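Have a look at the structure below before the remarks.
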Amino acid sequence: TPPVFVRGLDHYHTKYAYSNATTEDWVACMEEVSGLDLQRMLTGWLKRSGHPTVTFTTEYDADARTYSATVTQTGFEKGPAGNNGPWDFPIAYGVVVNGASTHEGVWRMTEATQTFTVTDVATKPDFLSFAQGWSFFGKVDRSGVSNEELVKQAMHDPDVPNRYFAFGAIAMKEKVALIEAGADAAPASVSDTYLNLYATILADESLSLATRALILRIPAGTGTRSDLRHKYKEIAEAGKAMRQAVFDQHGPAVLALLTKIQSEDRDDAPQRVGVNPRFMLAMCVRVLAAGVSKKVSGARRPAEAVTAMGFTAEKLAGIVKGLLSSRW
């Protein structure tokens, strides 16, 4: 835990002040303060390359009032002989019900597959907030998590990094479906689930503009679908179709947000304040650019979306020119 780690650092710096120390000395201090054996962790992480890929499934037992997570790690098999066992690492977790963590803690993963159980869980959780705080050095494959859980997590997880990962998992599913559709991919194929969630996050003022923009970005590549990585054209077209669908469904909201950000620009604002909106401005411009360049026949609601906004390529060019000539 953070307090134990800080005490370990204090012990290390006090013990070796004004002298030389090794990595092993640092680990020994941490072991002394925490009471944990960290030698396996030291060997696994410092004496081989790579990182784990983790998958997990959850199960709630209403009668026993328990919530279990079965976690599997892979990738360690590629390590050198004598050092190709499972990684040893902590997992910070939260059990979330109605947007609040009812149970939190840290699990220690040491085997290829382990089941962790949380007791005294009175209500079926909405989802498991796994590896909170972006604290896990590796990849978490969420392909086994239901869309219903991912939607709830993207909207309500108290841990913002996991909101980012949950929305990214939903966006990747949409993108993969469009890639597989090939020539038949169109904005009309993008689901209402994705578009409604997009609008909810876009309007969530509890998050900074930069955070909202990062959550809403379309993930690169094809995720776990390595069999699709060679479809470069389809990958590009899928991203464009998703932005066009957002334009058709929520174009006025995107344009209104961009206009609002521009109207609130202050030349004397501190740099940190000025940098924050840049990610959102870039995202808005990309959505609007995709919308005005689309083939009308592929839109979800072309006439209504474009005509009602009175939005054209010329108007977009004017916005971009204005951005380039300002401090943005």
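The values are calculated or read from the model by the stated rules, or taken from the named source; none is laboratory data. Just so we're clear, the structure is a prediction, and the values are computed from it rather than from any experiment. Cβ coordinates were reconstructed from backbone atoms using ideal geometry, including for glycine residues, and neighbour counts include every protein chain displayed. Surface accessibility is based on the protein's heavy atoms, side chains included, excluding ligands, DNA and RNA. Shrake-Rupley method; radii C 1.70, N 1.55, O 1.52, S 1.80 Å.
Results, tabulated for the structure shown:
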| quantity | calculated |
| --- | --- |
| Unique match (being part of a strand (DSSP E or B) and either surrounded by fewer than 18 Cβ atoms within 10 Å (Cβ to Cβ) or at pLDDT 95 or above (or both)) among 69, 81, 64 | 69 |
| Number of positions in the stretch 1-36 that are outside any helix (DSSP H, G or I), open to solvent by less than 100 Å² (accessible area, probe 1.4 Å) and either of a type in the set (Ser, Thr, Tyr) or within 28 Å of residue 132 (Cα to Cα) (or both) | 5 |
| Residue that is farthest from the chain's Cα centre (by Cα) [pool: residues in the stretch 51-61 that are loosely packed, with under 15 Cβ neighbours inside 10 Å and not hydroxyl-bearing (Ser, Thr, Tyr)] | 61 |
| Identity of the residue in the stretch 224-238, under 14 Å from residue 173 (Cβ atoms) and not small (Gly, Ala, Ser), that ends up modelled with the lowest pLDDT | 224 |
| All positions within the stretch 116-126 that are under 24 Å from the mean Cα position of the chain (by Cα) and outside any loop (DSSP other than H, G, I, E, B) | 116 |
| Matching option when the condition is within 22 Å of residue 287 (Cβ to Cβ) and hydroxyl-bearing (Ser, Thr, Tyr), among 146, 129, 206, 135 | 206 |
| Residues of the stretch 95-115 satisfying the condition of being within 30 Å of residue 48 (Cα to Cα) and either part of a strand (DSSP E or B) or of a type in the set (S, T, N, Q) (or both) | 105, 106, 107, 108, 109, 110, 113, 114, 115 |
| Qualifying residues in the stretch 148-163 (those that are of a type outside the set (A, V, I, L, M, F, W, C) and open to solvent by less than 60 Å² (accessible area, probe 1.4 Å)) - the one nearest to residue 203 (Cα to Cα) | 163 |
| Options 131, 112, 92; residue that is surrounded by 13 or more Cβ atoms within 10 Å (Cβ to Cβ), of a type in the set (A, V, I, L, M) and at positive phi | 131 |
| So residue 232, is it of a type in the set (Phe, Trp, Tyr) and either in contact with a Ser or Thr (Cβ under 7 Å, 6 or more places away or on another chain) or crowded, with 18+ Cβ neighbours inside 10 Å (or both) | no |
| Single residue of 188, 220, 213, 171 found to be at pLDDT below 95, part of a helix (DSSP H, G or I) and of a type in the set (A, V, I, L, M, F, W, C) | 188 |
| Condition check for residue 198: open to solvent by 30 Å² or more (accessible area, probe 1.4 Å), part of a helix (DSSP H, G or I) and among the hydroxyl-bearing types (Ser, Thr, Tyr) | no |
